[in-house]
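Structure first, commentary second.
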């Protein structure tokens, strides 16, 4: 399906880029220039959940420079409220040091379950989930939608 989509959309995007070329868009010496970054994104980056034709007509994606709390700032200095961030995984906000530290601590130690071994954080999470979901400590299997690497974040 992706191949079919690329065959239909890719020629349109390439045509639009040829009509509005940016000199040296792959020249990374201008890596701080928002317009060069947007053009390079159009040429070299698949931006998920967007229509590439519309994205090209808008001269590329918003280039996010930094984020804190519910806000992010683009490369031109405009500040936005990230209104859909809670839809996925950023509903705790950006820049939460305690979460970053918990992730760092876990990744510095062990980052995944290996074969018959399990991380203490995975056991703690499974116990908490089982107690909350079933009202008693039984069993839980955090997988797929909750990756074991996310355990320290959830526990903190």
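Between 104, 94, 88, which is under 18 Å from the mean Cα position of the chain (by Cα), at pLDDT 85 or above and exposed (fewer than 13 other Cβ atoms within 10 Å of the Cβ)?
Being under 18 Å from the mean Cα position of the chain (by Cα), at pLDDT 85 or above and exposed (fewer than 13 other Cβ atoms within 10 Å of the Cβ) holds for just one of 104, 94, 88, which is 104.
If a residue has to be at pLDDT 80 or above, closer than 14 Å to residue 63 by Cα, in contact with a helix residue (DSSP H, G or I) (Cβ under 9 Å, 6 or more places away or on another chain) and not in a helix (DSSP H, G or I) to count, how many in the stretch 23-51 make the cut?
2
The values are calculated or read from the model by the stated rules, or taken from the named source; none is laboratory data. Just so we're clear, the structure is a prediction, and the values are computed from it rather than from any experiment. Cβ: placed from backbone, ideal geometry, glycine included. Neighbour counts: every protein chain shown.
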